[in-house]
1. Taking amide H atoms as placed 1.01 Å from N in the peptide plane, list the residues 5 or more away in sequence, or in a different chain, whose amide H sits under 5 Å from that of residue 174.
2. Under the 0.36 nm per residue contour assumption, what length would be gained going from the current alpha-carbon distance of residue 158 and residue 172 to full extension?
3. In whole angstrom, note down how far apart the Cα centers of the range 73-123 and the range 219-259 are.
4. Apply the Debye scattering formula to the range 44-114, with a single equal point scatterer on each alpha-carbon and no solvent, then give log10 I(q)/I(0) at q = 0.17, 0.21, 0.26 Å⁻¹.
5. Provide the per residue accessible area, probe 1.4 Å, for the range 19-129, rounded to a whole number of square angstrom.
6. Over the range 142-257, average the accessible area per residue using a 1.4 Å probe and give it in Å², no decimals.
7. If you take the C-alpha gyration tensor of the chain, multiply each eigenvalue by 5 and take the square root, what semi-axes do you get, largest first, in whole Å?
8. Over the chain, what is the percentage of antiparallel beta bridges among all DSSP beta bridges, to the nearest 5?
Amino acid sequence: MSTFSSALALGIKPIAYIWIPGEPFPKYLRDKVDKVEFVGSLNEPNLEKILLLKPDLILSNTRLQNIYKPLTDIAPTVVLDYPVPPPPWQKHLQDVAKVLDKEQESKQLIGEYWQRIDKLKQALGDRRKQIKVSVVSINPSYGMFAYGKKHPTSRVLNDIELQRPPGQSGDFLVSNNISQERLFDIDGDVIFVSALGGEAAKEALEKLQKEPLWRKLKAVQKNQVYLVNSAHWYAFDILAMNAVIDDLFKYLTKVNVSQTP
């Protein structure tokens, strides 16, 4: 979906998209897919439907495996195959822009991003170097996990010069399976929490919020735990990064910084 989002940001409205069956469509993109055709999942795209749409180009940021050849029979197909963890969102945007001949637009979007970062830094002042921000997700399959420095969202926090808990300062994408006994490892002045996995994840989060150890966290006691949308906090495109900045403006400008070590 990051490639779809980057194309939109560059001024190109795709004619079709794929998505994960059973998962809600990303909220930050919902108002941008009017009259865009849904053509199935990555594993089971509707090739007949794609053929009828007569695309000029097919773009993907995921390996297409057995469907690559059938897609190339429909239209030129470009795969931007990225490793895990993914590259900085700027590189992804630039790669998509190069394919779409929108390189000047990508430079403008990156410039506007830094302008927004500067505005948030000014709004926070020197407090940004004191606010300790924790970012975690709840997933029914993987439990609770925290975002490390290589996560795209963490790069935004770093650009603002926000501080992180020690357990989220490592050079990794995510830290999995955080048990209830390790909850203090995710504490900070602020905790951003998202639920990945629909209703089951929300139920897991509601259960966690009833635990005594959760209620002892500093951020919980200060009422500075914020539920955010996992769709843009776990993505790596310019529209998602701007949605993250929107959340940071909304919540961090009213944060009280702890004076305790």
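The values are calculated or read from the model by the stated rules, or taken from the named source; none is laboratory data. Because the structure is a prediction, the values reported are computed rather than measured. When we count neighbours, we look across all protein chains shown, and the Cβ atoms used for this are built from the backbone with ideal geometry, even at glycine. Ligands, DNA and RNA are stripped out before the accessible areas are found, and what is left, the full protein with its side chains, is counted by its heavy atoms. Shrake-Rupley method; radii C 1.70, N 1.55, O 1.52, S 1.80 Å.
1. 148
2. Working: separation 14, 0.36 × 14 = 5.04 nm, distance 1.40 nm.
Result: 3.6 nm gained on full extension.
3. The distance from the Cα centre of the range 73-123 to that of the range 219-259 comes to 22 Å.
4. -0.74, -0.94, -1.13
5. Values: 7230 Å² over 111 residues.
The answer is 65 Å² per residue.
6. Values: 5150 Å² over 116 residues.
So the range 142-257 comes to 44 Å² accessible per residue, rounded to a whole number.
7. Details: eigenvalues 249, 95, 43 Å².
Equivalent ellipsoid of the chain: 35, 22, 15 Å, largest first.
8. Working: 7 of 22 bridges.
Just about 30 percent of them are antiparallel.
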